[in-house]
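Below is one structure; the comments refer to it alone.
Only the coordinates and a few stated rules stand behind these numbers; no lab work does. Source: prediction; values computed, not measured. Don't worry about glycine lacking a Cβ; one is built from the backbone with ideal geometry, like all the others, and counts go over all protein chains shown.
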Amino acid sequence: MVTPLCKKSTQAINYFARKKDGKINKMKAIKLVYFADRYHLRKYGRPVVGDIYWAMKFGPVASNVLDTANFDENKLDKNSLEYAKSFLGHPAGDVKLLTVTSKKDVDFDSFSQSDIEAMEAAYNEFGDKDQFELADIISHSYPEWAKHKAEIEGGKKRVKMDYLDFFLDSKNAKSSRIFEFSENHLESAKNIYLENREVSASLER
């Protein structure tokens, strides 16, 4: 069985790859997923994909999204790997796996209407930027990554991030206005997130 996380990771990458020429730089796709997650979490109280995030040198990275983009046989189970490869690929000769290509249309059944809204908002806002601007400049401007900046610059390869930090407002001039919501709205969205997290934790006990 293919998990919802695998489906959403695959289809989110596929969505952004199909927005232009049916292919996308891997790092850029990962950053666009992050921006969609940030938007949806702050507006609706949950991320689009629901992945584990790590602060890394080039900004926030969703773990399963990265593994999916890499077709990582050590991280993905057989069903997830087959599912990802049925929708995504890499151009011939791309030995460093820097580009992800789309093989077929996005399966929108994996997403809600608000998920699609968030991905569209992320692409409209950041789709014209290259991967290095998204990674080195823009994604570093948000507090959830900046919190771990000293550790990353001190030599740590990655530090686990907390979704609660995504609700913090950025004071950086490079920050996008698409993430701006009223204080009351953000508090309500955060409460929804916390309630959902508590329910998920209780089901895992």
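If r is the Cβ-Cβ distance from ALA150 to SER112 and R0 is 45 Å, what FRET efficiency results, to the nearest 0.05? For R0 = 45 Å, the calculated efficiency reads 0.75. Residue by residue, region 48-61 carries 3J(HN,Hα) couplings of 5, 8, x, 8, 8, 9, 10, 7, 10, 3, 9, x, x, 10 Hz when phi is fed to the Karplus relation 6.51 cos²θ - 1.76 cosθ + 1.60 (θ = phi - 60°); x denotes Gly or Pro. Quick check: from the Cα gyration tensor, does the chain come out rounded (a/c under 1.5), prolate or oblate? Judged from the Cα gyration tensor, the chain comes out rounded (a/c under 1.5).
Our coupling estimate for region 15-31, obtained by passing each phi through the Karplus curve with A = 6.51, B = -1.76, C = 1.60 and θ = phi - 60°, is 4, 6, 5, 7, 5, 8, 6, x, 8, 7, 4, 4, 4, 5, 4, 5, 5 Hz, Gly and Pro reported as x.
Toward the positive end of the charge dipole of region 4-204, with +1 on the Cβ of Lys and Arg and -1 on the Cβ of Asp and Glu, the farthest Cα among PHE166, TYR193, ALA17 is that of ALA17. Amide H contacts of VAL106 (H built 1.01 Å from N, in plane; Pro and chain starts excluded): no residue 5 or more places away or on another chain comes under 5 Å.
If you place +1 on the Cβ of every Lys and Arg, -1 on the Cβ of every Asp and Glu, and leave all else neutral, what size is the dipole of the chain about its Cα centre, to the nearest 20 Debye? Working shown, then result.
Working: 33 positive and 32 negative charges, 100 e Å.
Magnitude of the dipole: close to 480 debye.
Once you keep just the Cα pairs under 8 angstrom separated by 6 or more residues, what percentage relative contact order results for region 32-96? Don't jump to the answer; show the numbers that get you there.
Working: 45 pairs, mean separation 11.5, N = 65.
Relative CO of region 32-96 lands at 18 percent.
Region 86-107 and region 20-42 have Cα centres separated by 15 Å.
Between rounded, prolate and oblate, where does region 150-202 land on the alpha carbon gyration tensor, with a ≥ b ≥ c its root eigenvalues, rounded for a/c under 1.5, else prolate if a/b exceeds b/c?
Details: a/c = 3.75, a/b = 1.17, b/c = 3.20.
It is oblate, given that a/c is not under 1.5 and a/b is not larger than b/c.
Taken about its Cα centre, region 23-125 carries a charge dipole of roughly 400 debye when the Cβ of each Lys and Arg holds +1 and the Cβ of each Asp and Glu holds -1. The mean sequence distance of close C-alpha pairs (under 8 Å, at least 6 residues apart), as a share of the length of region 4-204, puts its relative contact order at 31 percent.
A simple rule links phi to the HN-Hα coupling: the Karplus curve 6.51 cos²θ - 1.76 cosθ + 1.60 with θ = phi - 60°, which for region 35-40 gives 5, 5, 4, 5, 4, 5 Hz, with x for Gly and Pro.
In this simple spin-label approximation, ASP94 and ILE52 carry label points 7 Å from Cα along the Cα→Cβ vector, and these lie 2.6 nm apart.
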